[in-house]
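S.K.: Structure in structure tokens, see below.
Read-outs throughout are calculated quantities, based only on the coordinates presented, and are distinct from any laboratory measurement. All values derive from a computational prediction rather than experimental measurement. Here the Cβ positions follow ideal geometry from the backbone for every residue, glycine too, while neighbour counts run over all protein chains shown.
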Amino acid sequence: MSQTITITSEDIINQIKISCKTSELIEDILSSKIIQNAAEQAGITVSDQELQQAADQMRLSQNLKNADDTWEWLNKNYLSLEDFEKLVYKNTLSGKLAVHLFADKIEPYFYEHQLDYVSVVCYEVVLEDEDLAMELFYAIQEGETSFFDVARKYIDNKDLRRKLGYKGKLYRKDLKPEISAAVFAAKPPQLLKPILTSKGAHLILVEEVIQAELNNLLRHKIATELFSEWVKQQIEKLDFTTVI
């Protein structure tokens, strides 16, 4: 016989508290209030057309192809249709406020931090034995084996082994300083001499170094970063009281 359990709003609040997530929730609430107040002061509004476009884009990003998919997603996230509209409104308002505050600051910021947006596509095998790493490095250089054969043989993690050590598109901040210096100085495609860190000897194949281009995607990324930092600064200035 199955047991029926009822979860109340009080249960949810208590769980948030004992999960030590209250501060995160409060920060989110403060962020929403700051954004709403700043938008009102700047005279920023969201039209019905903008809301509809944003809602369509959100459904597309969540792969919600029809009404049934949308309702299933809403139920899964315990959202009503009104909640969904509020979420879309908040995201749209945040985007418009970010543009209002930082549209003219994106280009100067990009050129000042251009190196941070250069990315690299690479593969990696980490070995515990430095001598073995050097031996494999020279073997690959001399054509006795390939990097991908080494990856198949020496990567323990099954998922990473299936990808042959593929690390994806990485930025400088994603790499240890001793690794990023060598990786971003590479002339792809290039196999780097093993680099030693606390994790072991890193055998890295640099496939491509992608120079930063200030396209629409990067403009949005920079605007988001600047806006997030601005919101954090506004929170730090606040004097607020929490009643729970």
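S.K.: So what is the calculated 222 nm ellipticity per residue for the chain, using -39500 (n - 2.57) for each DSSP H run with n of 4 or more, over all residues, to the nearest 500 deg cm²/dmol? Don't jump to the answer; show the numbers that get you there.
M.R.: On the way: 11 runs with 138 residues, N = 244.
Estimated from H runs of four or more residues: -18000 deg cm²/dmol.
S.K.: Then there is this: Considering amide H positions built from the backbone, and no H for Pro or chain starts, which residues 5 or more places from residue 210, or on another chain, come under 5 Å of its amide H?
M.R.: Answer set, sorted by chain and number: 119, 120, 121.
S.K.: Pairing the Cα long axis of helix 48-61 with the longest principal axis of the chain, what angle in degrees results, from 0 to 90 and rounded to the nearest 10?
M.R.: Between the helix axis and the principal axis of the chain, the angle is about 40 degrees.
S.K.: Students often get this wrong, so check it: of 163/193; 105/173; 176/221; 90/237; 173/221; 96/169, which have C-alpha atoms separated by over 18 Å?
M.R.: Checking Cα-Cα distances, 163/193; 105/173; 176/221; 90/237; 96/169 exceed 18 Å.
S.K.: Also: Any aspartates and glutamates with Cα under 18 Å of the residue 187 Cα? List them, leaving off those in the same chain fewer than 8 positions away.
M.R.: 124, 178, 207, 208
S.K.: Whole angstrom only: what separates the Cα centroid of the stretch 2-71 from the Cα centroid of the stretch 103-129?
M.R.: One Cα centre to the other: 31 Å.
S.K.: Only one of the values [x] 0.98; [y] 1.38; [z] 1.18 was calculated from this structure for Cα Rg over 2.2 N^0.38 Å; name its label.
M.R.: It is the one labelled [y].
S.K.: Which of the listed residues, 183, 146, 134, is farthest toward the dipole's positive end in the stretch 119-210, when Lys, Arg count +1 and Asp, Glu count -1 at the beta-carbon?
M.R.: My answer, from the dipole projection, is 183.
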